[in-house]
Structure formats: structure tokens, C-alpha cells
Amino acid sequence: MTNDGLPIQRTGSWTFRLQSGQTLQLHITTEQGMSDAFHIDGHDISVLLDYLYDHREFIYEATHDQERRRLEALEARNSLLASQREGQPVKPILYFDDGKQRIRAQ
């Protein structure tokens with residue numbers, strides 16, 4: 001957490017930090033000790049999020065291997081079959097991805 005209560009996210013390669021001031025800023029810095037940093041201001045943060053959302057399927061396909069997708073599809077199919085046998089509505093299977101691993105939501 002920063003002094004203004006906003007979270008800091010570290011991935012091992014990058015550090016992401018929101019900073020409020022005159023306008024909201026997103027700071028992206030490398031964790032390799034370089035002084036280079038990206039600063040994205042105000043409305044441009046929203047534009048970036050919209051862009052990533054609009055291209056989420058491409059991003060997913062590019063960042064997840066085929067075997068993992070096959071196993072997830074098999075798990076979803078088995079869940080669907082089990083719920084149909086029990087007469088219960090199908091519950092979606094959600095995953096969280098931090099860029100390193102996918103974790104099934106409970």
C-alpha cells in the first residue's frame with residue numbers, strides 16, 4: 001500500500017501503482033532496477049482498460065496453453081453433466097489469473 005492507501009502490484013518483472021493527485025495516474029516501472037517508468041494519466045487509464053477488455057479473448061488465447069484450456073473445458077463439461085444429473089442449475093467456473101498461474105475461484 002502507498003501512503004494514500006492505493007495498492008501496489010508486483011509481478012516479479014513490473015510494479016504497478018496508482019497515485020492520486022491533481023489527476024489519477026498509473027505508474028508502471030520495471031523491477032530490474034532501471035529508472036525508466038511509464039506514467040498514464042486520468043482518462044487514458046480508462047482507455048487502456050477498455051482496449052484490454054475489448055481484446056481479452058486474444059490476450060487469453062495468447063497467454064494460456066492449449067492443454068490447460070482442454071483441462072478447463074473438460075472440468076466444465078464434467079460439472080455440467082454432474083449438475084444435469086442432479087437437476088441443479090449449472091454454476092459457472094471462474095478462474096483468477098495473475099500472469100503466472102490460474103487459480104480456480106471458490
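The values are calculated or read from the model by the stated rules, or taken from the named source; none is laboratory data. In this text the structure is predicted, and so the values were computed from the model without any measurement. Note that each Cβ is placed from the backbone with ideal geometry, even for glycine, and that neighbours are counted across all protein chains shown.
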Counting only residues that are at pLDDT below 80 and surrounded by 11 or more Cβ atoms within 10 Å (Cβ to Cβ), region 1-10 contains a total of 1
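Of everything in region 27-79 that's basic (Lys, Arg) and either out of contact with any helix residue (DSSP H, G or I) (no Cβ under 9 Å at 6 or more places or on another chain) or at pLDDT 80 or above (or both), which residue is farthest from Gln9 (Cα to Cα)?
Initially, region 27-79 is screened for residues basic (Lys, Arg), giving 56, 68-70, 77.
Checking which are either out of contact with any helix residue (DSSP H, G or I) (no Cβ under 9 Å at 6 or more places or on another chain) or at pLDDT 80 or above (or both) leaves us with 56, 68, 70, 77.
Numbers: Arg56: 20, Arg68: 25, Arg70: 30, Arg77: 34 Å.
Result: Arg77.
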Please work out which residue is surrounded by the fewest Cβ atoms within 10 Å (Cβ to Cβ), limiting yourself to region 11-50 and to residues that are hydroxyl-bearing (Ser, Thr, Tyr) and under 18 Å from Asp97 (Cα atoms). Ser13
Can you list residue pairs whose Cβ atoms sit under 7 Å apart, with the first residue in region 17-46 being free of Cβ contacts under 8 Å to residues at least 12 places away in the same chain and at negative phi and the second being surrounded by 15 or more Cβ atoms within 10 Å (Cβ to Cβ) and not in a loop (DSSP other than H, G, I, E, B)? Count only pairs 6 or more apart in sequence or on different chains. Ala37/His27; Ala37/Thr29
May I ask you to list pairs of residues, at least six apart or on different chains, whose Cβ atoms are under 6 Å apart, with the first in region 80-106 being within 12 Å of His64 (Cα to Cα) and at pLDDT 75 or above and the second being surrounded by 10 or more Cβ atoms within 10 Å (Cβ to Cβ) and polar (S, T, N, Q)? Gly99/Thr11
